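The values are calculated or read from the model by the stated rules, or taken from the named source; none is laboratory data. Just so you know, these numbers come straight off a predicted model, no measurement behind them. Every residue, glycine among them, receives a Cβ derived from its backbone with ideal geometry; neighbour counts consider all protein chains shown.
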């Protein structure tokens with residue numbers, strides 16, 4: 001969840017390191033720090049509570065000179081946000097930055113105290129620094145010391161270690177928390193995300209689970225979990241250097257909402273033609289797997305879980321394949337029965353979500369016929385460890401509150417459902433043609449939805465003094481209501497809940513009063529009359545209603561009920577379409593509330609810890 005940047009170069013690297021941290025601010029953090037070793041073998045360290053900007057200002061006052069360094073943004077897990085708990089942590093000659101959680105840190109802390117070490121922080125990371133110092137007493141190789149240290153660690157880590165006496169190399173280790181090596185000319189780099197290094201290189205090596213790497217200016221040596229020296233593939237990145245820039249937009253979230261038409265075009269490119277979904281484009285060997293699937297188990301977290309809940313309706317109604325959806329943190333810790341010919345489908349924007357990754361690894365032991373991921377980050381752990389990887393191609397998503405990742409996941413799953421239904425005979429040629437036509441129209445439909453931005457900005461003023469909100473939907477619009485509720489609470493800090501509208505009479509009606517805004521997603525479909533009955537239940541109890549519906553739904557504004565009349569779109573892709581006004585509503589309410597839209601409190605973008 002935190003950010004790591006490291007560099008070994010002939011030039012001063014402090015600016016590169018801090019620039020990399022700026023590019024990783026989207027991940028969520030509460031403090032930042034940097035350490036650099038100069039030619040006199042002096043370790044210079046600056047740490048600050050708060051934003052990277054504060055670190056930048058501190059380094060401007062106290063310049064850091066040197067060609068080897070490590071930097072970090074911390075998201076508190078052990079110990080409160082403070083300068084003392086910020087990384088890098090130091091023990092003797094050694095500095096360490098670390099992402100993840102060391103589960104046996106208390107046991108190790110007591111052991112190290114018995115050896116005479118004094119702890120200056122509350123973090124689990126400091127035990128790594130002291131363990132390195134201890135192991136270096138019996139070897140002159142930092143690489144060997146780190147190999148010995150990781151044998152003693154239980155938990156997840158992505159770590160980089162620096163020795164001030166040897167300012168020509170860094171040692172990194174990865175287990176459960178991503179690390180990438182950036183290759184330069186006469187210089188090399190490390191980071192937790194390639195985005196941090198786009199200003200200095202386009203060539204990357206993704207460390208795999210259990211890898212340990214030694215990096216110098218001219219060499220990169222990688223050892224696998226068995227200690228064998230290995231070669232890892234070099235990837236050329238096609239990400240834009242300005243991917244982390246807002247451009248004309250006020251916030252990254254706003255930018256990413258308005259990027260959705262383009263993102264959807266990229267998701268669908270090469271995967272559908274005029275009338276068909278191209279099964280082969282889903283992945284090598286996809287046909288042989290998909291035509292035998294009798295059940296789909298979706299595992300995901302947060303926004304991705306909500307996307308999976310929408311897709312469940314499609315898998316069963318369109319493809320005729322049974323589907324279960326489960327939160328990854330629950331799935332991995334319960335005893336479950338694997339159905340015959342079952343496909344595990346994981347969803348993740350980052351591909352590094354700790355609970356989802358653990359669920360994938362567990363499923364491999366439980367007899368699933370295959371594992372597939374729908375993901376936005378090439379080279380991520382979920383992509384590498386799954387049998388099939390269907391990339392959403394949404395582009396870099398910086399805002400913590402996910403937007404384009406959600407809609408592109410839905411588009412990808414609708415294509416997957418269509419391919420599966422075609423292969424098993426449940427989707428006819430005519431039905432496939434209808435779905436593909438709807439997908440082709442989707443980017444233009446989203447543009448129409450975005451045109452309501454100003455109307456929704458005015459509507460958001462009604463929420464300025466609200467502390468609670470209720471979202472309602474039926475069928476596949478219930479998970480859209482869930483996603484709308486999540487967005488509002490994430491960035492505006494308004495307590496929001498979502499309910500299947502038919503559940504109102506089973507308890508939630510007790511919440512209804514004039515101070516409780518009720519937002520309803522009510523397009524024209526078979527359940528519209530049922531939704532209208534639920535709306536009347538709210539009106540009868542004095543609730544303030546905001547109904548998003550198309551012209552054919554037949555709503556008209558009355559006292560206590562505002563109607564946002566949306567264009568009519570194909571019913572198949574309407575859940576994706578109705579997501580966008582919900583995103584805009586959350587965004588504009590957050591602006592009115594004055595919250596940090598892109599980096600809401602207590603949250604992080606890539607949740608790489610349990």
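For every residue, the table says whether it meets (1) surrounded by fewer than 18 Cβ atoms within 10 Å (Cβ to Cβ); (2) under 16 Å from residue 579 (Cα atoms).
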| position | (1), (2) |
| --- | --- |
| 453 | yes, yes |
| 461 | yes, no |
| 480 | no, yes |
| 488 | no, yes |
| 515 | yes, no |
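Those residues that are buried (at least 16 other Cβ atoms within 10 Å of the Cβ) and over 26 Å from the mean Cα position of the chain (by Cα), I need them from region 463-474; list them, please. Walk me through it before giving the result.
As a first pass, look at region 463-474 and keep what is buried (at least 16 other Cβ atoms within 10 Å of the Cβ): 463, 466, 469-474.
Those that are buried (at least 16 other Cβ atoms within 10 Å of the Cβ) and over 26 Å from the mean Cα position of the chain (by Cα): 463, 466, 474.
Give 106, 133, 144 a once-over and let me know the one that is in a helix (DSSP H, G or I), at pLDDT below 95, at negative phi and surrounded by fewer than 23 Cβ atoms within 10 Å (Cβ to Cβ). Break it down into steps so the answer makes sense when it comes.
Working: 133 fails: at pLDDT below 95; 144 fails: at pLDDT below 95.
So the residue among 106, 133, 144 that is in a helix (DSSP H, G or I), at pLDDT below 95, at negative phi and surrounded by fewer than 23 Cβ atoms within 10 Å (Cβ to Cβ) is 106.
Do you know which of the residues in region 535-551 that are in contact with a strand residue (DSSP E or B) (Cβ under 9 Å, 6 or more places away or on another chain) and part of a helix (DSSP H, G or I) is surrounded by the most Cβ atoms within 10 Å (Cβ to Cβ)? I'd like the intermediate steps shown before the answer.
Just the residues of region 535-551 that are in contact with a strand residue (DSSP E or B) (Cβ under 9 Å, 6 or more places away or on another chain), to begin with: 535, 538-539, 543-551.
Then drop every residue that is not part of a helix (DSSP H, G or I), which leaves 535, 538-539, 551.
On the way: 535: 22, 538: 24, 539: 17, 551: 11.
The selected residue is 538.
Within region 109-124, being more than 17 Å from residue 88 (Cβ to Cβ), surrounded by 14 or more Cβ atoms within 10 Å (Cβ to Cβ) and out of contact with any helix residue (DSSP H, G or I) (no Cβ under 8 Å at 6 or more places or on another chain) holds for one residue alone: 111. Looking only at region 147-180, which residues are more than 19 Å from residue 92 (Cβ to Cβ) and either free of Cβ contacts under 8 Å to residues at least 40 places away in the same chain or surrounded by fewer than 17 Cβ atoms within 10 Å (Cβ to Cβ) (or both)? 151, 154, 155, 174 - these are the residues of region 147-180 that are more than 19 Å from residue 92 (Cβ to Cβ) and either free of Cβ contacts under 8 Å to residues at least 40 places away in the same chain or surrounded by fewer than 17 Cβ atoms within 10 Å (Cβ to Cβ) (or both).
Suppose we keep only residues that are touching a strand residue (DSSP E or B) at 6+ places or on another chain (Cβ under 6 Å) and either at pLDDT below 80 or farther than 23 Å from residue 489 by Cβ (or both) within region 517-534. Which one would you say is surrounded by the most Cβ atoms within 10 Å (Cβ to Cβ)? Steps first, please.
Pass one, region 517-534, residues touching a strand residue (DSSP E or B) at 6+ places or on another chain (Cβ under 6 Å): 517-524.
If we keep only those that are either at pLDDT below 80 or farther than 23 Å from residue 489 by Cβ (or both) as well, we get 523-524.
Details: 523: 23, 524: 15.
Looking at residues that are touching a strand residue (DSSP E or B) at 6+ places or on another chain (Cβ under 6 Å) and either at pLDDT below 80 or farther than 23 Å from residue 489 by Cβ (or both), I get 523.
Could you please find all residues in region 186-197 being modelled with pLDDT of 90 or more and surrounded by fewer than 24 Cβ atoms within 10 Å (Cβ to Cβ)? Answer for region 186-197, where residues must be modelled with pLDDT of 90 or more and surrounded by fewer than 24 Cβ atoms within 10 Å (Cβ to Cβ): 186, 187.
In region 226-240, of all residues being modelled with pLDDT under 90 and surrounded by 12 or more Cβ atoms within 10 Å (Cβ to Cβ), the one that is nearest to the chain's Cα centre (by Cα) corresponds to 239.
Quick check on residue 433: is it farther than 20 Å from residue 561 by Cα, in a helix (DSSP H, G or I) and over 28 Å from the mean Cα position of the chain (by Cα)? Criteria met by residue 433. Against the condition in contact with a helix residue (DSSP H, G or I) (Cβ under 7 Å, 6 or more places away or on another chain) and closer than 27 Å to residue 398 by Cα, how does residue 52 come out, does it pass? Judged against the criteria, residue 52 is a match. Taken across region 37-57, residues that are more than 27 Å from the chain's Cα centre (by Cα) and under 29 Å from residue 253 (Cα atoms) do occur, with at least one present.
Taking the condition of being in contact with a helix residue (DSSP H, G or I) (Cβ under 8 Å, 6 or more places away or on another chain), at pLDDT below 85, surrounded by 19 or more Cβ atoms within 10 Å (Cβ to Cβ) and in a helix (DSSP H, G or I), how many residues in region 490-513 meet it? Spell out the reasoning first.
Step one: of region 490-513, the residues in contact with a helix residue (DSSP H, G or I) (Cβ under 8 Å, 6 or more places away or on another chain) are 490-502, 504-505, 509, 512.
Narrowing further to those that are at pLDDT below 85: 500-502, 504-505, 509, 512.
Remaining after also requiring surrounded by 19 or more Cβ atoms within 10 Å (Cβ to Cβ): 501, 504, 512.
So of that shortlist, the ones also in a helix (DSSP H, G or I) come out as 501, 504.
Here the count works out to 2.
Out of curiosity, is residue 377 assigned by the TED database to the domain that holds residue 320, out of contact with any strand residue (DSSP E or B) (no Cβ under 6 Å at 6 or more places or on another chain), at pLDDT below 85 and under 19 Å from residue 263 (Cβ atoms)? Yes. Hey, any hits in region 287-294 for a residue that's assigned by the TED database to the domain that holds residue 380, part of a loop (DSSP other than H, G, I, E, B), surrounded by fewer than 21 Cβ atoms within 10 Å (Cβ to Cβ) and within 22 Å of the chain's Cα centre (by Cα)? The answer is no; no qualifying residue exists.
Return the total of residues in region 28-41 being more than 20 Å from residue 83 (Cβ to Cβ) and at pLDDT 95 or above.
So the first thing to find is which residues in region 28-41 are more than 20 Å from residue 83 (Cβ to Cβ), and the list is 37-41.
Adding the requirement that they be at pLDDT 95 or above leaves 37.
The total comes to 1.
Per the listing 576, 564, 572, the residue uniquely within 34 Å of the chain's Cα centre (by Cα), within 13 Å of residue 459 (Cβ to Cβ) and either surrounded by fewer than 19 Cβ atoms within 10 Å (Cβ to Cβ) or in contact (Cβ under 8 Å) with a residue 40 or more places away in the chain (or both) is 564. Among the residues of region 271-288, at least one is closer than 28 Å to residue 450 by Cβ and at pLDDT 90 or above.
Does residue 202 meet the test of being surrounded by fewer than 24 Cβ atoms within 10 Å (Cβ to Cβ), out of contact with any helix residue (DSSP H, G or I) (no Cβ under 7 Å at 6 or more places or on another chain) and under 25 Å from residue 380 (Cα atoms)? Please lay out each step first, then the result.
Details: surrounded by fewer than 24 Cβ atoms within 10 Å (Cβ to Cβ): yes; out of contact with any helix residue (DSSP H, G or I) (no Cβ under 7 Å at 6 or more places or on another chain): yes; under 25 Å from residue 380 (Cα atoms): yes.
Criteria met by residue 202.
A quick yes/no check of all residues on (1) in a strand (DSSP E or B); (2) touching a strand residue (DSSP E or B) at 6+ places or on another chain (Cβ under 7 Å); (3) outside the structural domain of residue 20 (by the TED database):
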position: 172; (1), (2), (3): yes, yes, no
position: 189; (1), (2), (3): yes, yes, no
position: 195; (1), (2), (3): no, no, no
position: 214; (1), (2), (3): yes, yes, no
position: 256; (1), (2), (3): no, no, yes
position: 265; (1), (2), (3): no, no, yes
